[in-house]
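What follows is a short report on a single structure.
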Amino acid sequence: MRPFVGRTTELQRLEDLSKSGRACLVVIKGRRRIGKSRLAEEFGKRKTYLPFSGLAPVKGVTAQDQRDAFALQVSILFNLPPFTFTDWSDGFAHITKHLTEKPTVLLFDEISWMGSKDPTFVSKLKVWWDLVLQNHPAVVLILCGSISTWIDKNIINSTAFFGRVSLYLELLELSIPHCKELLHLQGFKGSDLDFFKILSVTGGVPWYLEQIQAHQSADENIRRLCFERDGLLVHEFDRIFNDLFSARGDIYKKIIQLLGEGMKDRAALQKAMAYPSSGMLSQHLKSLEICGFVSRHPDWSLKTGKTGKLTLYRLSDNYLRFYIHYIEPNLAKIEQGAFVEVPLSSLPGWEPMLGFQLENLLLKNRP
C-alpha cells in the first residue's frame with residue numbers, strides 16, 4: 001500500500017465515531033487529489049471495506065451508465081455474476097444482502113458524479129439510510145467527492161439529510177513536515193532546497209507528491225511532470241476544470257487566470273470578465289473557495305492596522321499558480337519538446353517565480 005502520513009486527527013475522529021455503537025454517516029470534502037478516498041481506505045484497513053465510485057462526467061455519460069458502473073463494482077466486490085438495475089434502490093438492496101455484524105466502512109466516492117444525473121438518487125439514498133443502514137450499528141457510510149458544492153447543496157444543507165450526518169471532515173493540504181515525511185518514505189533524499197522546489201510546485205497535495213521519483217533530482221522531477229509533452233501536471237489543469245465544473249469550466253478558468261495576476265475584489269473581477277450583475281459570480285467564487293483553490297481575505301489599512309469592508313480573493317493553490325504563470329504560457333514549446341535539454345535554472349524568471357511560489361506555500365503553513 002502507498003505510504004500514508006498525517007491526518008492523525010481525522011483518523012482519530014473516525015475511529016471514535018466507529019465505537020459509538022450506532023450507524024454513522026460521514027461527509028469528507030476537499031480539492032481533487034487531496035486524499036479523501038485514501039483517508040477512507042486507511043480508516044477501513046482493519047474493517048470490512050466496501051468502496052464504490054462514480055464515473056467521471058465525460059460527455060455522453062448517462063444516469064444509467066452510472067448505475068451500470070455501480071452494478072459492476074457490486075458484482076466484483078461480492079463475486080457475483082454481472083447484473084444491471086434501473087433503480088438506485090435496487091442497487092442499494094444488493095449491498096444490504098452482504099452486510100454483516102462486522103465493523104464495515106461503506107465508501108461512496110465521487111458521489112456527485114454518481115448521483116448528479118438522476119434526480120431521485122439523493123432521496124433514495126436517504127430512504128436506504130433511514131430504513132436499512134440505521135439498523136446496522138457496525139456500518140460507517142462515508143460520502144465524499146471533489147465537487148464540494150454539490151455535497152453542500154444535496155447532503156450538508158439538504159433537508160433530506162438534516163440531523164443525519166455525524167461528522168464533517170474538510171481535508172486540507174498536508175503540512176510542510178508531513179510533506180517531507182511522505183517524500184522520505186518514498187525514498188527521496190534531496191537537499192532542503194530540492195524539497196522546497198518540489199513543494200513550491202506541488203503544494204501539500206498528496207497525489208502530486210506521490211508522483212515524485214526518488215532517483216531523480218528536484219529539477220528532473222519538475223521537468224518530467226511539468227515540461228514534457230505527456231507530463232501529468234501539464235494536463236492536470238484541464239482535468240480539474242473539466243471533471244469538477246463541466247460546462248462551466250471556462251468561467252472558472254477565467255476567474256483563476258485573473259486571480260493569477262494578483263488579488264482582486266468581486267467588482268474588479270466582474271469588470272475584467274464583463275460579467276453580468278446576476279449574483280452568479282459570487283457563487284462561482286464560493287465554489288472555488290470550497291474546492292480549496294481560492295481564499296478570501298479582508299482588506300486592511302496600513303495606517304490604522306484595522307480590517308476594512310472589502311473582501312479580496314486570492315489564488316492560493318500552489319499548482320494552479322504555477323500552471324498559470326509557467327506551464328500555460330509555454331504549452332506550445334512543451335508540445336514541441338523544447339525543454340527536454342534546457343536546465344530549468346536558465347529559464348527566464350525561474351528563481352523569482354519559485355520565490356513567489358514559496359511565499360504562497362509559507363502563507364498556507366502559517367501555523
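Taken over the stretch 115-164, the criterion of being out of contact with any Lys or Arg (no Cβ under 7 Å at 6 or more places or on another chain), of a type in the set (Gly, Ala, Ser) and open to solvent by less than 50 Å² (accessible area, probe 1.4 Å) is satisfied by GLY115, GLY145, SER158.
Only helices (runs of 4 or more DSSP H) whose full extent lies in the stretch 126-226 are considered here, and the ones with at least 2 residues that are within 17 Å of the chain's Cα centre (by Cα) are 148-151, 192-202, 206-210.
List pairs: first residue in the stretch 83-109 and in contact (Cβ under 8 Å) with a residue 40 or more places away in the chain and farther than 23 Å from ASP65 by Cβ, second residue part of a helix (DSSP H, G or I) and hydrophobic (A, V, I, L, M, F, W, C) anywhere in the structure, Cβ distance under 7 angstrom, at least six positions apart or on different chains. Every condition considered, the pairs that remain are VAL105/ALA40; VAL105/PHE43. Is there a residue being under 16 Å from SER316 (Cα atoms), of a type in the set (A, V, I, L, M, F, W, C) and either touching a Gly at 6+ places or on another chain (Cβ under 7 Å) or surrounded by 11 or more Cβ atoms within 10 Å (Cβ to Cβ) (or both) anywhere in the stretch 332-354? Checking the stretch 332-354: at least one residue is under 16 Å from SER316 (Cα atoms), of a type in the set (A, V, I, L, M, F, W, C) and either touching a Gly at 6+ places or on another chain (Cβ under 7 Å) or surrounded by 11 or more Cβ atoms within 10 Å (Cβ to Cβ) (or both).
Within the stretch 278-297, residues that are in contact (Cβ under 8 Å) with a residue 60 or more places away in the chain sit with their Cβ atoms under 6 Å from residues that are assigned to a helix (DSSP H, G or I), at 6+ positions apart or across chains, in these pairs: SER287/THR149; ILE290/SER148; ILE290/THR149; CYS291/SER148; PHE293/LEU320. Those helices (runs of 4 or more DSSP H) of the stretch 1-94 in which at least 3 residues are open to solvent by less than 20 Å² (accessible area, probe 1.4 Å), considering only elements entirely within it, cover 36-43, 63-77. A count restricted to the stretch 278-296 and to residues that are open to solvent by 60 Å² or more (accessible area, probe 1.4 Å) and either modelled with pLDDT under 85 or out of contact with any Asp or Glu (no Cβ under 8 Å at 6 or more places or on another chain) (or both) stands at 3.
The values are calculated or read from the model by the stated rules, or taken from the named source; none is laboratory data. The structure displayed is predicted, hence computed values, not measured ones. Note that each Cβ is placed from the backbone with ideal geometry, even for glycine, and that neighbours are counted across all protein chains shown. These area figures cover heavy atoms from the full protein model, side chains too; ligands, DNA and RNA do not enter into them. Shrake-Rupley method; radii C 1.70, N 1.55, O 1.52, S 1.80 Å.
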